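A short worksheet on the structure shown next.
The values are calculated or read from the model by the stated rules, or taken from the named source; none is laboratory data. Remember, it's a predicted structure, so these values are computed and weren't measured experimentally. As a convention, Cβ positions derive from the backbone with ideal geometry for all residues, glycine included, and neighbour counts pool all protein chains shown. Areas reflect the complete protein model, heavy atoms only, side chains present, ligands, DNA and RNA absent. Shrake-Rupley method; radii C 1.70, N 1.55, O 1.52, S 1.80 Å.
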Amino acid sequence: LENLQPEIKELAQRLRYEVSVRGKQLGWSEKVARSHFARNMRRIVTELYIRDNCHPFKATVLLWVQVPMWVCVSLALRNCSVGALGSEVQEEFSSGGALWFTDLTAPDSTWILPMSLGLVNLLVVEV
């Protein structure tokens, strides 16, 4: 979208000039000229979005999917870790780890999991 802004500005100036010339020829009022400009500008911008495959809605799709998913996963992990699901789950978590984290209810003193999760999320966002 940012890469299209210079082209959109240039096209808007050209269209504004063409509409003003045509409006003077046909005797349009200022309101009619603005209406023609707005309608044609919308059409031109839509064509540019289609040409470059960069509709603004596509930038927000990730947000509308990722935020609810993050909230649900965070709440599920919190419920598991504080024992809201029952003592059986708490007992399984205290003995079901792997590698350096044998107790999933204890904080990670090495910070390996939080750092790797943060780096993976950064990688996903950047890619």
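In degrees from 0 to 90, rounded to the nearest 10, what is the angle of the helix 30-52 Cα long axis to the longest principal axis of the chain?
Once rounded, the angle reads 50 degrees.
At 0.36 nm per residue, minus the direct Cα-Cα distance, what do E18 and R34 gain on full extension? Give it in nm, one decimal, please.
So the chain would gain 4.6 nm between E18 and R34.
Which label belongs to the value computed from this structure, given these candidates for log10 I(q)/I(0) by the Debye sum over Cα atoms at q = 0.11, 0.18 Å⁻¹: (i) -0.65, -1.06; (ii) -0.69, -1.12; (iii) -0.64, -0.97?
Calculated log10 I(q)/I(0) by the Debye sum over Cα atoms at q = 0.11, 0.18 Å⁻¹: the matching label is (i).
For a test of the definition: using alpha carbon positions, the gyration tensor, and the 1.5 limit on a/c, classify region 59-126 as rounded, prolate or oblate.
oblate
Protein chains only, probe 1.4 Å: how do H36, H55 rank by accessible area, largest first?
H55, H36
Just reorder D108, D52 by solvent-accessible area, largest first, 1.4 Å probe, all chains present.
Sorted descending by solvent-accessible area, the residues read D52, D108.
Taking a cut-off of 23 Å between Cα atoms, list the lysines near K58, but don't count ones fewer than 8 places away on the same chain.
Cα-Cα hits under 23 Å: K9.
Taking the Cα atoms only, what angle lies between the long axis of helix 112-126 and the longest principal axis of the chain, rounded to 10 degrees?
Helix 112-126 sits at roughly 20 degrees to that axis.
Solvent-accessible area per residue for the chain at a 1.4 Å probe radius, Å²?
In whole numbers, the chain has 82 Å² accessible per residue.
Counting only protein heavy atoms, what percent of the accessible surface of the chain is carbon or sulfur at a 1.4 Å probe?
C and S atoms contribute 64 percent here.
Provide the solvent-accessible area of L122, counting protein heavy atoms only and rolling a 1.4 Å probe, rounded to the nearest 10 Å².
We get 100 Å² for L122.
To the nearest 10 degrees, how steeply does helix 56-81 sit against the main Cα axis of the chain, on a 0 to 90 scale?
20
Applying 1/(1 + (r/R0)^6) with R0 = 30 Å to the Cβ-Cβ distance of V67 and V45, what FRET efficiency is obtained, to the nearest 0.05?
According to the calculation, E is roughly 0.60.
Run the helix sum for the chain: -39,500 (n - 2.57) per DSSP H stretch of 4+ residues, divided by residue count, reported at 222 nm to the nearest 500 deg cm²/dmol.
Mean residue ellipticity, 222 nm, calculated: -25500 deg cm²/dmol.
Largest first, how would I8, I112, I50 line up by accessible area (1.4 Å probe)?
The residues order as I50, I112, I8, largest area first.
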